[in-house]
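Notes for the one structure printed next.
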Amino acid sequence: MTLKEAQEKFLGKRVTIKDALGKSTTLRGEFDVTGVLTFLDNHQLFKSWGICATIGRTPMQNINLDNITLEE
């Protein structure tokens, strides 16, 4: 799935991102984040952050698009 396809499929919808905070923070372990996806794109200034996402007001970086699933 491309970034553009993921944006069209997931933005504005309730999703779960598996292991979303595992690479974004210094916390250890797997952290799944669930909520309405409000941002999904590359960071314009920090390319090393990879694909970034925001659920509610929780920012995440280095997101794997395969780890995003729609919630019913």
When residues of the stretch 40-58 are filtered for being in contact (Cβ under 8 Å) with a residue 24 or more places away in the chain and over 8 Å from the mean Cα position of the chain (by Cα), how many remain? 3
Which numbered condition in (1) exposed (fewer than 15 other Cβ atoms within 10 Å of the Cβ); (2) at pLDDT below 90; (3) not polar (S, T, N, Q) is the only one that Gly22 fails? (1)
If you scan the stretch 59-70, which residues turn out to be over 15 Å from Ala6 (Cα atoms) and either in contact with a strand residue (DSSP E or B) (Cβ under 6 Å, 6 or more places away or on another chain) or without any contact (Cβ under 8 Å) to a residue 24 or more places away in the chain (or both)? Met60, Gln61
Which of the residues that make up the stretch 27-62 are surrounded by 17 or more Cβ atoms within 10 Å (Cβ to Cβ), among the aliphatic types (A, V, I, L, M) and either on the phi > 0 side of the Ramachandran plot or modelled with pLDDT under 90 (or both)? Val33, Met60
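The values are calculated or read from the model by the stated rules, or taken from the named source; none is laboratory data. Just so it is clear, the model here is predicted, and its values are computed rather than measured. Neighbour counts are summed over all protein chains in view; Cβ atoms, including those assigned to glycine, are modelled from backbone coordinates with ideal geometry.
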